[in-house]
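Participant: Here it is, the structure in full.
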Amino acid sequence: MRSLFHLAYNVQNLEEARSFYGGVLGCAEGRSSDTWVDYDFFGHEISLHLGIPFDVRATGKVGEHLVPMPHLGVILEYNDWVDVAEKLKQAEIEFLLEPMVRFEGEPGEQWTMFFFDPSGNPIEIKGFKSMDKVFAS
């Protein structure tokens, strides 16, 4: 079964969101109104609505790091992950977790990075050299 993921969450400013999601990340804009905008977030649908973003706390322990919870993210093939990391660096986006490899040499070896959108919503982007290793244990 093939499916697409949909996630709706709040942002404080739609123009800042458009600049970040459309401009920096290169996501294609979909439907919109004066209070929300949809994006193709790497093949999945996100709906950004004007409002107060969700409360975030660094409570997720992964390896040696505490990561913000809740957070949203996407898993990309490694070469695409590298491209996104370079876009973010060129745009001088501040990273919470700089692009890095995690669980090196172990099942589930992955590359990851954490950053925030302009409204403070945390985003994680993971990269795998082989997508069939995403659920390896």
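The values are calculated or read from the model by the stated rules, or taken from the named source; none is laboratory data. Source: prediction; values computed, not measured. In this analysis, Cβ positions are derived from the backbone assuming ideal geometry, glycine residues included, and neighbour counts consider all displayed protein chains.
Participant: Could you check residue 66 against (1) among the hydrophobic types (A, V, I, L, M, F, W, C); (2) at pLDDT below 95; (3) more than 17 Å from residue 123 (Cβ to Cβ) and say which number it fails?
Facilitator: All conditions pass for residue 66, except number (3).
Participant: What residue, of 51, 60, is touching a Leu at 6+ places or on another chain (Cβ under 9 Å) and surrounded by fewer than 16 Cβ atoms within 10 Å (Cβ to Cβ)?
Facilitator: On the way: 51 fails: touching a Leu at 6+ places or on another chain (Cβ under 9 Å).
Going through 51, 60 in turn, the sole match is 60.
Participant: Also, quick follow-up: Looking only at strands (runs of 3 or more DSSP E) that lie completely in the range 1-93, which have at least 3 residues being touching a residue at least 60 places away in the same chain (Cβ under 8 Å) and not β-branched (Val, Ile, Thr)? Outline the logic, then answer.
Facilitator: On the way: elements: 6-11, 28-32, 36-41, 44-50, 57-62, 65-69, 72-77.
So the answer is 6-11.
Participant: I'd like the full set of residues that are part of a loop (DSSP other than H, G, I, E, B) and surrounded by fewer than 19 Cβ atoms within 10 Å (Cβ to Cβ), limited to the range 94-118.
Facilitator: Keep residues of the range 94-118 that are part of a loop (DSSP other than H, G, I, E, B), which gives 94, 103-109, 117-118.
Listed by number, the residues that qualify are 94, 103, 104, 105, 106, 107, 108, 109, 118.
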